[in-house]
Each structure stands twice: as C-alpha cells, then as structure tokens.
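K.L.:
This is the structure I want to talk about, given as structure tokens.
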Amino acid sequence: MKICVYCASSAKINKSYFEATESLAKLLVDDNIEVIYGGGATGLMGILADTILAQGGKIKGIMPKFMNEIEWAHKKVIDFEFTETMHERKSKFLEGIDGLVTLPGGSGTLEELLEAITLKRLGLFTKPIIILNTNGFFNPLKEMLERCVSEKFMHEKHLDIWKFVDTPNQVINAIKEAADWDSEAIHFATNK
Ligand code: AMP
C-alpha cells in the first residue's frame, strides 16, 4: 500500500503530537506501507520522515521548487519530486495512493485536507481519508463538517468521505475498512 500523510511543519507543538506521529510512522513501516508526504524536515513532517528512515521504510517527498530553494527539503529523504506550483504538488500527493491520513497541522494541512474532501465529494478522488484526532485537536473540524451535513450544505452520504480516529493504531484498519467510494459520487455532490 501507498499512503499520503498530511501534517504540521511546526516544531513548537506539544510533544504528544510528535509521539503520535512517531507511533504511526512505525506502524506504517511494520505494515510495509510506502509514505508520500510534503518533504519537510521540521515538525510532524520531520519526525514522520526521520522515523520511517530509521525503521528502514519507504518515504517520498513532494515539494514545490521554491521550498527546496529555501532549504526546507528533508536532506535524508532520497526519493523527491519537485513541482512548479503548490497546486501541482497537491494533485501529485493524491496520484496513485491507496489512502490519505491527516495528522494535526496548521493552515497548510487544513487546506490540503479540505481540498481532498472536496475532490472526493466530486468523485475525483475516491480513496479513504483518515483524520488522526490526537488530543481531540480536530473536534472543531469534525463539528463543522457534521454541521455542513446537518444543515444540508452537504449530503448525509458525505459523512462516509472521512473517518476520524483517536489513536495511531486505529489508522491502518480505518484505511482498510473505509466505506467504498467511486466517481458516481458526482451525482449526489450537491444537495438539490
Ligand atoms: P502546516 O500544517 O500549516 O504546517 O502546513 C504544512 C504544509 O505547509 C506543508 O505541506 C507545506 O506546504 C508547508 N510548509 C510550511 N512550512 C514548511 C517547512 N518548514 N517545510 C516544508 N513545508 C512547509
């Protein structure tokens, strides 16, 4: 399996977020899962890559050239793809993967996640989207998304687009057991 992980660049966050990321990275390597990520060396991106490399796993970074020019790329990650734009990077993240996992992060992580949810709603991306809700970090987002549905901005079926889990050891099962989704989703993308 190949999965993409979206996560924070910040190094100043609580250590529990680092611990959860490290645990997840080990579980992914144990399950022989290849990881695609943003290519960063700091924050949760840094610990994700460091742990996967230390465990002998496979990781690939995808980063726009301008970030590499300011030396944000992780120096020890060998497999790298540099894109012209942020948009191109985001579309490459989703190519050929079997699932997407989002860990806590800032606006970068949130916008990547929301784009993937929107593409899945339109049937343009069909793989599982798992959100690791460490420390209840994503509770406000969960509430917001559920409110989109309860107030009929979105369809009830859209609740199957994402799955929130509380601990790293629930992530891989959540990917394997995610509700089926396909391009037919376009037909209920909008509540009419
Ligand atoms: P955030 O969750 O806001 O930290 O955003 C993570 C995303 O921010 C990454 O995918 C990048 O687009 C970008 N980013 C911000 N700072 C860095 C950094 N130091 N190294 C790599 N990417 C970064």
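The values are calculated or read from the model by the stated rules, or taken from the named source; none is laboratory data. Quick caveat, the model's predicted, so the values are computed rather than measured. Don't worry about glycine lacking a Cβ; one is built from the backbone with ideal geometry, like all the others, and counts go over all protein chains shown. For accessibility, only protein heavy atoms count, side chains too; no ligands or nucleic acids. Shrake-Rupley method; radii C 1.70, N 1.55, O 1.52, S 1.80 Å.
K.L.:
Restricting attention to region 39-59, which residues are more than 8 Å from the ligand (Cβ to nearest atom), over 15 Å from the mean Cα position of the chain (by Cα) and not in a helix (DSSP H, G or I)?
P.N.:
Selection gives Q55, G56, G57, K58.
K.L.:
Which one of E81, E71, E88 is at pLDDT below 95 and either more than 15 Å from the chain's Cα centre (by Cα) or surrounded by 22 or more Cβ atoms within 10 Å (Cβ to Cβ) (or both)?
P.N.:
On the way: E81 fails: at pLDDT below 95; E88 fails: at pLDDT below 95.
The match here is E71.
K.L.:
Here is a follow-up. Scan region 91-102 for residues that are away from the ligand (no atom under 15 Å from the Cβ) and open to solvent by 10 Å² or more (accessible area, probe 1.4 Å) and report the count.
P.N.:
Summing the residues that are away from the ligand (no atom under 15 Å from the Cβ) and open to solvent by 10 Å² or more (accessible area, probe 1.4 Å) in region 91-102 gives 3.
K.L.:
Quick test of your reading of the structure: I62 fulfils all but one of (1) open to solvent by less than 10 Å² (accessible area, probe 1.4 Å); (2) within 11 Å of the ligand (Cβ to nearest atom); (3) in a helix (DSSP H, G or I); (4) without any contact (Cβ under 8 Å) to a residue 40 or more places away in the chain. Name the failing condition by number.
P.N.:
(3)
K.L.:
Part of a loop (DSSP other than H, G, I, E, B) and open to solvent by 50 Å² or more (accessible area, probe 1.4 Å), is that true of K127? So that I can check it myself, show each step before the final result.
P.N.:
Numbers: part of a loop (DSSP other than H, G, I, E, B): yes; open to solvent by 50 Å² or more (accessible area, probe 1.4 Å): yes.
In short, yes.
K.L.:
Looking at region 23-32, can you tell me whether even one residue there is closer than 16 Å to I129 by Cα, more than 9 Å from the ligand (Cβ to nearest atom), outside any helix (DSSP H, G or I) and open to solvent by less than 10 Å² (accessible area, probe 1.4 Å)?
P.N.:
Pass one, region 23-32, residues closer than 16 Å to I129 by Cα: 24, 28.
Still in the running and more than 9 Å from the ligand (Cβ to nearest atom): 24, 28.
Keeping just the survivors that are outside any helix (DSSP H, G or I) gives none.
The answer is no, given that none of the residues of region 23-32 is closer than 16 Å to I129 by Cα, more than 9 Å from the ligand (Cβ to nearest atom), outside any helix (DSSP H, G or I) and open to solvent by less than 10 Å² (accessible area, probe 1.4 Å).
K.L.:
Can I ask one more? With the requirement that a residue be open to solvent by 10 Å² or more (accessible area, probe 1.4 Å), in contact (Cβ under 8 Å) with a residue 24 or more places away in the chain and not in a loop (DSSP other than H, G, I, E, B), what does region 1-19 give you?
P.N.:
K2, S16, Y17, F18
K.L.:
Show the residue pairs meeting these rules: Cβ distance below 7 Å; 6+ apart or different chains; first residue within region 34-49 and under 17 Å from N14 (Cα atoms) and open to solvent by 10 Å² or more (accessible area, probe 1.4 Å); second residue more than 6 Å from the ligand (Cβ to nearest atom) and in a helix (DSSP H, G or I).
P.N.:
That search, which allows pairs on different chains as well, returns I47/F18; I47/T21; I47/E22.
K.L.:
Take G105 and tell me if it is over 30 Å from L145 (Cα atoms), open to solvent by less than 70 Å² (accessible area, probe 1.4 Å) and assigned to a loop (DSSP other than H, G, I, E, B).
P.N.:
It is false that G105 is over 30 Å from L145 (Cα atoms), open to solvent by less than 70 Å² (accessible area, probe 1.4 Å) and assigned to a loop (DSSP other than H, G, I, E, B).
K.L.:
May I pose another question? Of all residues in region 103-132 being in contact (Cβ under 8 Å) with a residue 24 or more places away in the chain and within 15 Å of I13 (Cβ to Cβ), which is farthest from the ligand (Cβ to nearest atom)?
P.N.:
This residue is L132.
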